[in-house]
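Okay, so here's the structure we're looking at.
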Amino acid sequence: MTAPQVEIQLIAAIVAAACALPGAFLVLRRMALISDAISHAMLLGIVVGFFLTQDLNSPLLIIGATLTGLLTALLVELLHRTGLVREDAAIGLVFPALFSIGVILISRYAGSVHLDTDVVLLGELAFAPFDRVVVAGWDIGPKGLYAGGVILLINAALIALFYKELKLATFDPGLAAALGFSPAAIHYGLMGMTSLTAVGAFDSVGAILTVALFIAPAAAAYLLTDDLARMLLLSAGLGITAALSGYWLAFLLDASIAGSMATMAGVIFGLAWCFAPERGLVAAARRRARQRWEFAQRMLAIHLLNHERQPGAEPELQVEHLWQELRWDRGFATRVVSLAEERGLVTRQDGRLELTDRGRLLAQESLLA
Amino acid sequence: MADRHNGKVPAVEVQDLTVAYREQPALWDVDLTVPSGVLLAIVGPNGAGKTTLLKAILGLLRPVAGQVLVFGQPVVQQRRRISYVPQRGSVDWDFPTSVLDVVMMGTYGELGWIRRPGRRERERALAALEQVGMRELSDRQISQLSGGQQQRVFLARALVQDADIYLMDEPFQGVDALTERAIVTLLQQLRAQGKTVIAVHHDLQTVPEYFDWVMLLNVRRIACGPVAQVFNEHNLRLTYGGRFAMAAFAREVDETAPAVIAPDRSRSGGGDHGTGAA
């Protein structure tokens with residue numbers, strides 16, 4: 001690997017981890033789309049900051065963009081609170097308005113600088129290594145690495161510091177308020193963190209795909225664990241995995257790095273969705289199948305219990321007739337009987353089924369429940 | 001009414017409280033004085049403002065008029081003395097956390113910002129879980145709990161706060177018989193310790209058995225006082241209006257005989273209170 005390759009991957013991994021941390025709380029608070037809104041709307045802040053400073057490297061741009069992100073969250077909240085618009089519609093109304101003003105300003109006035117719409121939409125990770133930090137004549141690395149690193153550190157520190165408050169306000173905002181922890185302060189704190197992170201991610205993956213780095217790793221982590229702290233770590237880990245694998249996918253396909261990272265984030269979520277040990281589709285299908293056989297065995301036991309002492313009910317107890325009596329598929333009935341035999345619920349003598357004590361107990365329990 | 005009970009400052013004093021959502025009043029000029037040490041049930045039909053009243057007492061809603069005093073002071077200064085048990089359905093039980101963790105949230109108030117719960121908080125949470133019979137489930141993920149167990153987790157969380165006033169929003173809603181008994185025992189223990197409990201309650205039949213004070217509320221206050229004095233047919237009719245169907249109700253409320261009453265939405269499987277039988 002060449003040095004620029006290593007640097008690009010480092011930046012991508014750091015940005016992905018920085019996004020995944022607040023992303024976990026956004027997913028838990030059902031506010032996933034607000035990160036999309038923020039990452040779009042802050043374009044306006046960047047453009048206005050650029051006009052004011054005429055310098056793309058000015059820290060004012062970061063501050064302007066972060067404030068625009070907060071403004072987005074505030075406007076969505078205000079619009080929603082009028083009671084005339086639902087929250088999802090409010091998001092869909094606010095951010096296109098801010099974003100489109102930004103787009104108009106760029107296309108009208110900034111055509112000559114390197115702030116162009118392509119970069120805005122998809123980022124410029126591939127060029128990140130060309131933008132160096134030089135201190136006293138020494139080249140100490142790409143700027144993106146430092147920006148991303150600082151944001152990751154801020155996020156990790158804030159979440160570590162306010163872990164308890166974030167957890168409480170996310171799980172039970174009512175109790176948080178009653179105990180004197182302002183849920184509004186925590187909400188806007190998280191929105192500020194999301195905005196700042198989105199600014200960092202903006203340079204790397206652009207406005208459109210940032211949401212993938214916020215949400216996909218966190219949503220996957222949510223399916224994989226039952227513990228909030230573990231979910232945060234896992235979320236960051238999966239974000240890094242998406243960034244690195246995305247980089248190499250882009251390398252292989254000679255395609256957009258941002259697009260490939262977002263794709264891999266989606267693939268990772270898809271894998272978790274299918275194969276998560278307890279919540280995944282496969283595990284759920286297995287559980288349903290197991291329950292189906294279990295339930296069929298209970299039905300069999302209850303059927304036998306109902307008819308075992310009944311005079312003239314002999315056909316009901318015959319293995320050969322069982323499937324007709326219960327209107328079951330013949331193969332299904334055979335399998336259920338053999339499963340029940342294996343479990344010691346029934347015994348078979350000359351094709352006649354009889355409940356064991358265990359089978360009778362199961363039937364009686366099932367009827368009581 | 002007993003403004004000063006045993007000459008002490010009332011636990012909760014609500015004065016001329018009006019709360020509105022978008023100019024739609026949820027509570028109209030409500031007065032309420034709860035002496036220290038009583039178990040008070042708030043009853044009333046759906047939309048009567050019961051939860052709103054609890055939230056206003058907690059300071060979670062800003063009134064349009066009136067005020068709430070807790071031990072004679074604004075609630076903001078008395079937060080630590082109040083503990084809140086919200087409705088079970090108000091939180092997401094799929095949240096990735098454990099029973100013990102939820103109970104420990106009750107200690108966050110006294111910890112304040114940033115400080116983390118430690119061993120002491122853990123011990124207290126475990127003790128509270130013991131009290132509600134849930135200690136062996138302390139490591140369980142909360143999504144695996146039954147409705148009754150969820151309610152007991154919330155109660156344990158309230159106990160950990162070690163407050164003087166407990167505000168509970170429908171603690172008996174949808175719980176199994178075992179949990180219902182556990183909650184009743186707990187209420188009695190709290191009363192024995194001199195704590196005040198204010199609970200929104202739905203099952204009119206159990207009011208005389210579980211509580212010693214009752215407030216009848218339907219946007220405005222209909223009546224409030226000791227169960228024996230105010231829990232009668234007249235007040236119930238005023239509260240529930242035409243929708244209040246009497247199965248049987250003693251004309252003169254006897255202090256000892258529990259009244260048998262069925263509101264029209266009586267709980268399913270609620271026992272043998274057929275019409276005609278008293």
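Here the contact order of chain A, divided by its residue count and restricted to Cα pairs under 8 Å and six or more residues apart, works out to 20 percent.
Less than 14 Å Cβ to Cβ from B:Tyr108, Lys/Arg counted +1 and Asp/Glu -1: what total charge do the surrounding residues give? Net charge in that neighbourhood comes out at +4. 3J(HN,Hα) along the stretch A:29-38: 8, 6, 10, 3, 6, 5, 5, 5, 4, 5 Hz, from the Karplus curve 6.51 cos²θ - 1.76 cosθ + 1.60 with θ = phi - 60°, whole Hz, x for Gly and Pro. Split the accessible area of the stretch A:3-279 by element, probe 1.4 Å, and carbon with sulfur accounts for 72%.
Shielding of peptide B:86-97 by partners, expressed as the average count of other chain Cβ atoms within 10 Å per residue Cβ, is 5. Using only protein heavy atoms and a 1.4 Å probe, how much accessible area in total is buried between A and B, to the nearest 100 Å²? The buried area between A and B, both sides summed, comes to about 2700 Å². For B:Ala223, the residues 5 or more places off, or on other chains, whose built amide H falls under 5 Å of its own are B:Leu216. Rounded to the nearest 0.05, what FRET efficiency is calculated for A:Met299 and B:Leu238 with R0 set to 60 Å and r the Cβ-Cβ distance? Between A:Met299 and B:Leu238 the formula returns 0.65. About its Cα centre, the stretch A:3-279 has a charge dipole of approximately 480 debye under the convention of +1 per Lys or Arg Cβ and -1 per Asp or Glu Cβ, with nothing else charged. Charge tally around A:Gly280: other residues with Cβ under 13 Å, Lys/Arg +1 each, Asp/Glu -1 each, net +3. What percent antiparallel are the DSSP beta bridges of the protein assembly as shown, to the nearest 5? Of those bridges, close to 65 percent are antiparallel. Note on the stretch B:27-85 and the stretch A:200-268: Cα centroid distance 47 Å, given to the nearest whole angstrom. Between the residues A:Ala289, A:Ala136, A:Leu79, the greatest Cα displacement towards the positive end of the dipole of chain A, with unit charges on the Cβ of Lys, Arg, Asp and Glu, is found for A:Ala289.
For the stretch B:109-213, rounded, prolate or oblate, judged on the Cα gyration tensor with a ≥ b ≥ c (square roots of eigenvalues), a/c < 1.5 rounded, else prolate if a/b > b/c? Judged from the Cα gyration tensor, the stretch B:109-213 comes out oblate (a/c at least 1.5, b/c at or above a/b). For the Cα atoms of chain A, what angle does the longest principal axis make with the long axis of helix A:3-28, in degrees from 0 to 90, nearest 10? Around 60 degrees separate the two axes.
Computed from backbone phi with θ = phi - 60° and the Karplus coefficients 6.51, -1.76 and 1.60, the 3J(HN,Hα) list for the stretch B:193-210 is 7, x, 7, 10, 10, 10, 10, 6, 9, 10, 8, 4, 4, 8, 4, x, 7, 8 Hz; x is used for glycine and proline. Specify whether the C-alpha gyration tensor of the stretch A:3-279 places it in the rounded, prolate or oblate class, a ≥ b ≥ c being the square roots of the eigenvalues: rounded for a/c under 1.5, otherwise prolate if a/b is larger than b/c and oblate if not. Oblate is the answer for the stretch A:3-279, as a/c is 1.5 or above yet b/c matches or exceeds a/b.
Using C-alpha pairs below 8 Å separated by at least 6 residues, the relative contact order for the stretch A:265-369 is 25 percent. Accessible surface for the stretch A:41-114, divided over its residues, is 55 Å² per residue with a 1.4 Å probe.
Relative to the longest principal axis of the Cα atoms of chain A, helix A:87-109 runs at roughly 30 degrees.
The stretch A:173-190: which residues show an accessible-area loss of 50 Å² or more, assembly versus chain alone, 1.4 Å probe? In the stretch A:173-190, residues shielded by partner chains: A:Leu175, A:Ala178, A:Leu179, A:Phe181. With the helix formula -39500 (n - 2.57) applied to DSSP H stretches of n ≥ 4, chain A reaches a computed 222 nm mean residue ellipticity of -26000 deg cm²/dmol.
Taking trypsin sites (Lys or Arg not before Pro) across the stretch A:242-312, the ones in a DSSP loop with at most 10 further Cβ atoms lying within 10 angstrom of their Cβ are A:Arg309. On the basis of the beta-carbon distance and an R0 of 22 Å, A:Arg230 and B:Asp92 show a calculated FRET efficiency of 0.80. For the stretch B:124-167 versus the stretch B:224-240, the inter-centroid distance based on Cα atoms is 33 Å. Phi angles of the stretch B:110-118 translate, via the Karplus equation with coefficients 6.51, -1.76, 1.60 and θ = phi - 60°, into HN-Hα couplings of 7, 5, x, 5, 6, 4, 8, x, x Hz per residue; Gly and Pro are given as x.
Taking other residues whose beta carbon is less than 11 angstrom from the beta carbon of B:Ile165, and scoring Lys, Arg as +1 and Asp, Glu as -1, yields +3.
Take A:244-255, A:194-205 and order them by the average number of nearby Cβ atoms within 10 Å per residue, most first; the result is A:194-205, A:244-255.
Under 5 Å from the amide H of B:Leu27 lie the amide H atoms of B:Val19, each residue being 5 or more positions distant or on a separate chain, with H modelled from the backbone and absent for Pro and chain starts. Each Cα pair under 8 Å and six or more residues apart adds its separation to the average, and for the stretch A:172-280 the resulting relative contact order is 26 percent. Taking all protein chains into account, the per residue accessible area for the stretch A:156-217 stands at 23 Å² (1.4 Å probe). Take the alpha carbon gyration tensor of the protein assembly as shown, find the square roots of its eigenvalues, order them as a ≥ b ≥ c, and report rounded if a/c is under 1.5; if not, report prolate when a/b exceeds b/c, else oblate. Oblate, because a/c is 1.5 or more while a/b does not exceed b/c. Between the amide H of A:Gly141 and those of A:Val133, distances stay under 5 Å, these residues lying 5 or more places away or on another chain, with hydrogens modeled in the peptide plane.
The values are calculated or read from the model by the stated rules, or taken from the named source; none is laboratory data. Note that this is a predicted model, so its numbers are computed, not measured. Counting neighbours? That spans all protein chains shown, and the Cβs are built from the backbone with ideal geometry, glycine included. We work out accessible area using only protein heavy atoms, side chains counted, and drop any ligands, DNA or RNA first. Shrake-Rupley method; radii C 1.70, N 1.55, O 1.52, S 1.80 Å.
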